[in-house]
Amino acid sequence: MTATLPTETDQTGSGRRAGRAGRAGRTRRSGRPGRFGRSGRSTATDAPPRPKAIAATALLWVFIIAFGFPVLWFVLSAFKPGGELFSYPLTLLPENWSVEGFAEAWSSYDFARYFGNTVIVALVTTVLTVLASAATGYALAKYDNKWLKVFFVCILATTMLPTEVILAPTFIVIRDLGMYDSLAGIIVPSVITATGIFMFRQFFITVPDDLVEAARIDGASEFGIFWRIMLPISRPIMLTLAIFSFQWRWNDYIWPLLVLNDPKQFTIQIALQSIVGAENVNWTVLLGASVISIIPLVLLYLVFQKYVNGADLNAGLKD
């Protein structure tokens, strides 16, 4: 038999067919869908909500209403005149809007002074608490010493004691140090918190040791490592603790009541208590003052809650 050699035209046609087959194979391997979608299946991703998701959402709305409605009633009642507060039937919205309670609370009761004292106490205590907790948490997380572990256990043990147990010894220390009846007597005992130290320690443990070792090789001092590296990457923890600390100090009542005796040094919570008389209560002033007292906390949350995000702990490290 005589073999027939392929002509140039046959070779060109075969090459074109092989090229189309190769491109089709690559398209299938790369996962790119064709004109009719991948393997002819529907590409719709919308799925009906599951019953569990609907039940969870409904439960959340129940909690929102249960906790939000009393707050809404409280805020709107602050704008009611005294005659509408206890009129029947009760109404949610004021019929005659009034801000007399706010004005009288701010002027007649020297509320501006109490507000300023509380701002000083809350801000100074918050800054010192964040710095002290961060430094202590860094030492407990990155230094390997037995006595540090014992110290950490002792710090955690303080959380098991009721606050009332340590009030008396703390008061004696503050009195002997000459801080009685001063704002410093409120600030100093509140700087160290076991909660803040625990938060920073747990966060710094998750930071790779390679980052610290690389900084030491580059000649950074221990303080420089803490101040320039560890503090910036712990910003979410700093802001979270700052929000909590500011809230704790702003709402603190028992300790300022024990330490402060001069009305000019009173904080806002003691001022609210002083509005309540022994026999009668000026409800319009009390409600107005109470609404004023919660405004800084609401603004603090609205401004800083978006910054409480996760940090990239592997920044600056190479694989």
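When the stretch 137-172 is examined, which residues are found to be farther than 13 Å from residue 197 by Cβ, β-branched (Val, Ile, Thr) and touching a residue at least 12 places away in the same chain (Cβ under 8 Å)? Selection gives 163, 170.
The residue list 276, 285 contains one member that is β-branched (Val, Ile, Thr), in contact (Cβ under 8 Å) with a residue 40 or more places away in the chain and farther than 25 Å from residue 176 by Cα, which is 285.
Close contacts from the stretch 193-213, counting a first residue that is farther than 13 Å from residue 140 by Cα and touching a residue at least 60 places away in the same chain (Cβ under 8 Å) and a second that is open to solvent by 70 Å² or more (accessible area, probe 1.4 Å) and in a helix (DSSP H, G or I), with Cβ to Cβ under 9 Å and a gap of 6+ residues or different chains, come to 193/244; 193/248.
Reported count of residues in the stretch 162-180, each being surrounded by 10 or more Cβ atoms within 10 Å (Cβ to Cβ) and either more than 30 Å from residue 264 (Cα to Cα) or touching a Phe, Trp or Tyr at 6+ places or on another chain (Cβ under 9 Å) (or both), is 5. Using beta carbons and a limit of 8 Å, which pairs, at least six apart or on different chains, have the first residue in the stretch 234-251 and in contact (Cβ under 8 Å) with a residue 40 or more places away in the chain and charged (D, E, K, R) and the second one part of a helix (DSSP H, G or I) and open to solvent by 50 Å² or more (accessible area, probe 1.4 Å)? Pairs found: 235/307. Considering the conditions (1) surrounded by fewer than 18 Cβ atoms within 10 Å (Cβ to Cβ); (2) under 24 Å from residue 161 (Cα atoms); (3) not polar (S, T, N, Q), residue 185 is excluded by exactly one of them, (1). Residue 283 falls short on exactly one of the conditions (1) over 20 Å from residue 236 (Cα atoms); (2) aromatic (Phe, Trp, Tyr); (3) at pLDDT below 80, and that condition is (3). Residue 246 meets the conditions (1) among the hydrophobic types (A, V, I, L, M, F, W, C); (2) over 24 Å from the mean Cα position of the chain (by Cα); (3) modelled with pLDDT of 90 or more in every case but one. The failed one is (2). Among (1) hydrophobic (A, V, I, L, M, F, W, C); (2) farther than 30 Å from residue 190 by Cα; (3) modelled with pLDDT of 90 or more, where does residue 141 come up short? Of everything listed in (1) hydrophobic (A, V, I, L, M, F, W, C); (2) farther than 30 Å from residue 190 by Cα; (3) modelled with pLDDT of 90 or more, residue 141 misses just condition (2).
For the stretch 66-88, the tally of residues that are in a helix (DSSP H, G or I) and in contact with a Phe, Trp or Tyr (Cβ under 9 Å, 6 or more places away or on another chain) stands at 3. For residue 63, the stated conditions hold: it is farther than 20 Å from residue 294 by Cα, part of a helix (DSSP H, G or I), open to solvent by 70 Å² or more (accessible area, probe 1.4 Å) and modelled with pLDDT of 90 or more. Can you pull out every residue in the stretch 66-100 that is open to solvent by 60 Å² or more (accessible area, probe 1.4 Å) and among the hydroxyl-bearing types (Ser, Thr, Tyr)? Across the stretch 66-100, the qualifying residue is only 88.
Taking the criterion of being touching a residue at least 12 places away in the same chain (Cβ under 8 Å), among the aliphatic types (A, V, I, L, M), in contact with a Phe, Trp or Tyr (Cβ under 7 Å, 6 or more places away or on another chain) and open to solvent by less than 80 Å² (accessible area, probe 1.4 Å), would at least one residue in the stretch 111-123 satisfy it? Yes, because at least one residue in the stretch 111-123 is touching a residue at least 12 places away in the same chain (Cβ under 8 Å), among the aliphatic types (A, V, I, L, M), in contact with a Phe, Trp or Tyr (Cβ under 7 Å, 6 or more places away or on another chain) and open to solvent by less than 80 Å² (accessible area, probe 1.4 Å).
The values are calculated or read from the model by the stated rules, or taken from the named source; none is laboratory data. Note that the coordinates shown come from a computational prediction; the quantities given were computed from them, not determined experimentally. Using ideal geometry, Cβ is built from the backbone for each residue, glycine included, and neighbour counts are taken over all protein chains shown. These area figures cover heavy atoms from the full protein model, side chains too; ligands, DNA and RNA do not enter into them. Shrake-Rupley method; radii C 1.70, N 1.55, O 1.52, S 1.80 Å.
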